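**Q** Below you'll find the structure I mean.
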Amino acid sequence: MRFPSSIRFTLTLWYTLTLAVVMLLFSSFVYLTIRADIYKESDREIQSLAEALASPTMEPFRMAAPSVFDQVLEDFFGPKIDGKFVQLFDQHGTVTAASKNLNQMRLPLSLPTFQKVAHGKVIRETQTIDGLPPMRIVTMPVFADQKLVSIVQVGTSLNEKVETLHKLLIVFCISIPLGILFLCGGGWFLAGQALKPVDLITRSAQRITAENLSQRLVVLNPNDEIGRLAETFNSTLERLEASFNRTRRFFTDISHELRTPLTIIRGEAEVGLKWAKEPEEFREIIQSTLDEVKWMSGIVESLLELSRAEEGGLHLEMQELDLCEFLATLVHELNQQVQLHEQGKVVDFIPAGQAWVQGDQRRLRQIFMNLLDNALKFTPADTNVRVELTPKDGSVSVAVIDKGPGIPPDDLPHIFERFYRVDKARNRNDGGSGLGLSLVKTLTEAHSGWIEVSSTSATGRTFVVSLPTIPVPQPIHSKTS
Ligand code: ADP
């Protein structure tokens, strides 16, 4: 048989089973305690009679003729003997006297009981005789000079008491299954109530697809377990939506980015095929095609590097580097460019100390060249771009500061995204492909560093790259002879 595998069913089953076991244990405990009490009460009555009968002072009465036995019992015990059955045996277990109310019936004396009594034990037992209601019987030995001389048996009917027990049993037999049935219903209802929010979540989750990731789950109570689950799911949805949007934007951007050079190549090729005749014309077309191919290769190369770095597959040739010396050379190289001279732009390098880092020279060059390229592009003519190096505890920060227009606050959170450009209308002759800063960020992180941008600083627009430092290597001294 297969049970439905719903949490509601399982909860109800466990709830009902647990409470049914508790009910059964409790009823059994009540029943057994009452029964033990009844036996104890009956035993107390018949045992005191048996003890009285077995006492040495009662010896003459025990010897009385069977015909007067009842009279003797009545005289001696009065109303206490009412409803009690008395039987006497000799030392061999043969009945010598019995109360009249037994008629032809005899209280049983089994061999094991006889043997135990012969050894001095008092036996209390419940016996059923000839289909009559059960009887509680005490069997007690009588010794004289340490020899068994007689056995006294006193019994009492448990009729009324057993009836009470039976009634109790009937009450339990009816109330327990009814209780279990009620518990089943109650459990099913309670589990349903408790799981209602889950149903609600399931239904709203079913409505969410890749097309409407902006929908969120309904949170009834954010403080309970299910509310917390829904909130966690909602924040996962938020991240998923952002990632979906990024991917979508990425595909749009890359198609857009590659479409322009491809259209140019196609147009030029068509024009060349149709109209070009002179070698100079063909040379021009090939040159233009080469420029476009170079542009596309640049994009593809950057994308490849980005995805390699993100997957952790970027190969870095790490070496110990004097960052001051490295940046000074880079800045010097830039300052040699004729174009910058013409625009009156200069890069100033201001180191506030020494700093050694572990890094890949080619990648570090890429990082700082990209930042400086942007800074020089945006800083107005006849102004300086400053590169400030500040060693800190365990790290070094390099700030690239320009006096350009800066980045609007709304664009700041997206500045490191692929293909993100502040001025969307800017064509690729003025600006790059929008991959520069995302590459800078990824390469910096590959060096266990981090990058920050502040565009509101009074001193200018600032990009700060921080890298972990290594101890400054000590110069090796040659041995003095
Ligand atoms: P690109 O390769 O097109 O320059 P980047 O990823 O390097 O792309 O830069 C992304 C955008 O950030 C650019 O479109 C540019 O508008 C903006 N940006 C980068 N550096 C600066 C800067 N120093 N000042 C102002 N805007 C900047």
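**Q** Take the stretch 341-373 and flag every residue that is open to solvent by less than 10 Å² (accessible area, probe 1.4 Å) and within 16 Å of the ligand (Cβ to nearest atom).
**A** VAL347, ILE367, PHE368, LEU371, LEU372
**Q** Can you tell me which residue within the stretch 282-299, out of those that are without any contact (Cβ under 8 Å) to a residue 60 or more places away in the chain and open to solvent by less than 80 Å² (accessible area, probe 1.4 Å), is farthest from ILE254 (Cα to Cα)?
**A** To start, the set of residues in the stretch 282-299 that are without any contact (Cβ under 8 Å) to a residue 60 or more places away in the chain comprises 282-294, 296-297.
With the extra rule that they be open to solvent by less than 80 Å² (accessible area, probe 1.4 Å), the set shrinks to 285, 288-289, 291-293, 296-297.
Working: ILE285: 25, SER288: 21, THR289: 19, ASP291: 18, GLU292: 15, VAL293: 15, MET296: 10, SER297: 13 Å.
Filtering first and then ranking leaves ILE285.
**Q** VAL422: within 16 Å of the ligand (Cβ to nearest atom) and either among the aliphatic types (A, V, I, L, M) or under 24 Å from SER448 (Cα atoms) (or both), yes or no? Please lay out each step first, then the result.
**A** Details: within 16 Å of the ligand (Cβ to nearest atom): yes; either among the aliphatic types (A, V, I, L, M) or under 24 Å from SER448 (Cα atoms) (or both): yes.
The answer is yes for VAL422.
**Q** Continuing with the same structure: Which residue, of VAL122, VAL142, VAL138, is at pLDDT 90 or above, among the aliphatic types (A, V, I, L, M), open to solvent by 40 Å² or more (accessible area, probe 1.4 Å) and within 22 Å of ARG44 (Cβ to Cβ)? Quick ask: steps written out before the conclusion?
**A** Working: VAL142 fails: open to solvent by 40 Å² or more (accessible area, probe 1.4 Å); VAL138 fails: open to solvent by 40 Å² or more (accessible area, probe 1.4 Å).
Going through VAL122, VAL142, VAL138 in turn, just one is at pLDDT 90 or above, among the aliphatic types (A, V, I, L, M), open to solvent by 40 Å² or more (accessible area, probe 1.4 Å) and within 22 Å of ARG44 (Cβ to Cβ): VAL122.
**Q** Turning to a different aspect of this structure: Checking VAL387 against (1) within 16 Å of the ligand (Cβ to nearest atom); (2) over 30 Å from PRO475 (Cα atoms); (3) of a type in the set (Val, Ile, Thr): exactly one of these is not met. Which one?
**A** The failed condition is (2).
Results for (1) under 30 Å from ASN234 (Cβ atoms); (2) open to solvent by less than 40 Å² (accessible area, probe 1.4 Å), shown as yes or no for each residue.
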| residue | (1), (2) |
| --- | --- |
| HIS166 | no, no |
| ILE176 | no, yes |
| ASP199 | yes, no |
| GLN206 | yes, no |
| GLU211 | yes, no |
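**Q** Scanning the stretch 390-405 for residues that are within 16 Å of the ligand (Cβ to nearest atom) and outside any loop (DSSP other than H, G, I, E, B), which turns out nearest to SER448 (Cα to Cα)?
**A** Step one: of the stretch 390-405, the residues within 16 Å of the ligand (Cβ to nearest atom) are 398-405.
Next, only the ones that are outside any loop (DSSP other than H, G, I, E, B) stay: 398-402.
Values: VAL398: 15, ALA399: 17, VAL400: 19, ILE401: 22, ASP402: 25 Å.
Filtering first and then ranking leaves VAL398.
**Q** Can you tell me which of (1) modelled with pLDDT of 85 or more; (2) over 25 Å from GLN343 (Cβ atoms); (3) within 16 Å of the ligand (Cβ to nearest atom) is the one TRP450 doesn't meet?
**A** (3)
**Q** Same structure again: Between residues in the stretch 203-218 that are closer than 16 Å to LEU229 by Cα and assigned to a helix (DSSP H, G or I) and residues that are open to solvent by less than 70 Å² (accessible area, probe 1.4 Å) and not hydrophobic (A, V, I, L, M, F, W, C), which pairs lie under 6 Å by C-beta distance while being six or more apart or on different chains?
**A** none
**Q** Of the conditions (1) farther than 26 Å from VAL440 by Cα; (2) surrounded by fewer than 16 Cβ atoms within 10 Å (Cβ to Cβ); (3) not acidic (Asp, Glu), HIS332 clears all except one; give me its number.
**A** Unmet condition: (1).
**Q** Need a quick list: helices (runs of 4 or more DSSP H) entirely within the stretch 1-107 having at least 3 residues that are loosely packed, with under 12 Cβ neighbours inside 10 Å and out of contact with any Lys or Arg (no Cβ under 7 Å at 6 or more places or on another chain).
**A** Working: elements: 7-54, 59-62, 69-77.
Helices (runs of 4 or more DSSP H) meeting the threshold: 7-54.
**Q** Residues LEU13, LEU25, LEU32, LEU19: which one is in contact with a helix residue (DSSP H, G or I) (Cβ under 7 Å, 6 or more places away or on another chain) and of a type in the set (A, V, I, L, M)?
**A** On the way: LEU13 fails: in contact with a helix residue (DSSP H, G or I) (Cβ under 7 Å, 6 or more places away or on another chain); LEU25 fails: in contact with a helix residue (DSSP H, G or I) (Cβ under 7 Å, 6 or more places away or on another chain); LEU32 fails: in contact with a helix residue (DSSP H, G or I) (Cβ under 7 Å, 6 or more places away or on another chain).
None of the others qualify; the one that does is LEU19.
**Q** Do any residues in the stretch 242-254 that are within 16 Å of GLY434 (Cβ to Cβ) and surrounded by 14 or more Cβ atoms within 10 Å (Cβ to Cβ) have Cβ atoms under 9 Å from those of residues that are of a type in the set (A, V, I, L, M, F, W, C) and modelled with pLDDT of 85 or more, where the two are at least six apart or on different chains, and which pairs are they?
**A** Pairs that qualify, where the first residue is within 16 Å of GLY434 (Cβ to Cβ) and surrounded by 14 or more Cβ atoms within 10 Å (Cβ to Cβ) and the partner is of a type in the set (A, V, I, L, M, F, W, C) and modelled with pLDDT of 85 or more, are ILE254/ILE299; ILE254/LEU303.
**Q** One residue is enough: does the stretch 406-413 have a residue meeting the conditions more than 8 Å from the ligand (Cβ to nearest atom) and touching a residue at least 60 places away in the same chain (Cβ under 8 Å)?
**A** Of the residues in the stretch 406-413, the ones more than 8 Å from the ligand (Cβ to nearest atom) are 408-410, 412-413.
Then drop every residue that is not touching a residue at least 60 places away in the same chain (Cβ under 8 Å), which leaves none.
Looking for residues that are more than 8 Å from the ligand (Cβ to nearest atom) and touching a residue at least 60 places away in the same chain (Cβ under 8 Å), one finds none in the stretch 406-413, hence no.
**Q** If you don't mind, there's one more thing I want to ask. Please go through the stretch 178-195 and give me each residue that is over 13 Å from MET23 (Cα atoms) and surrounded by fewer than 13 Cβ atoms within 10 Å (Cβ to Cβ), ordered by number. I'd like the intermediate steps shown before the answer.
**A** Going residue by residue through the stretch 178-195, those that are over 13 Å from MET23 (Cα atoms) are 184-195.
Within the stretch 178-195, GLY185, PHE189, GLN193 qualify.
**Q** If SER433 meets every condition in (1) assigned to a strand (DSSP E or B); (2) modelled with pLDDT under 90; (3) among the hydroxyl-bearing types (Ser, Thr, Tyr) apart from one, which number is that one?
**A** If we test SER433 against (1) assigned to a strand (DSSP E or B); (2) modelled with pLDDT under 90; (3) among the hydroxyl-bearing types (Ser, Thr, Tyr), just (1) comes out false.
The values are calculated or read from the model by the stated rules, or taken from the named source; none is laboratory data. Values in this document were obtained by computation on a predicted structure and should not be read as measured data. Note that each Cβ is placed from the backbone with ideal geometry, even for glycine, and that neighbours are counted across all protein chains shown. The protein model used for the area step is the full one, side chains on, heavy atoms only, and it has no ligands, DNA or RNA in it. Shrake-Rupley method; radii C 1.70, N 1.55, O 1.52, S 1.80 Å.
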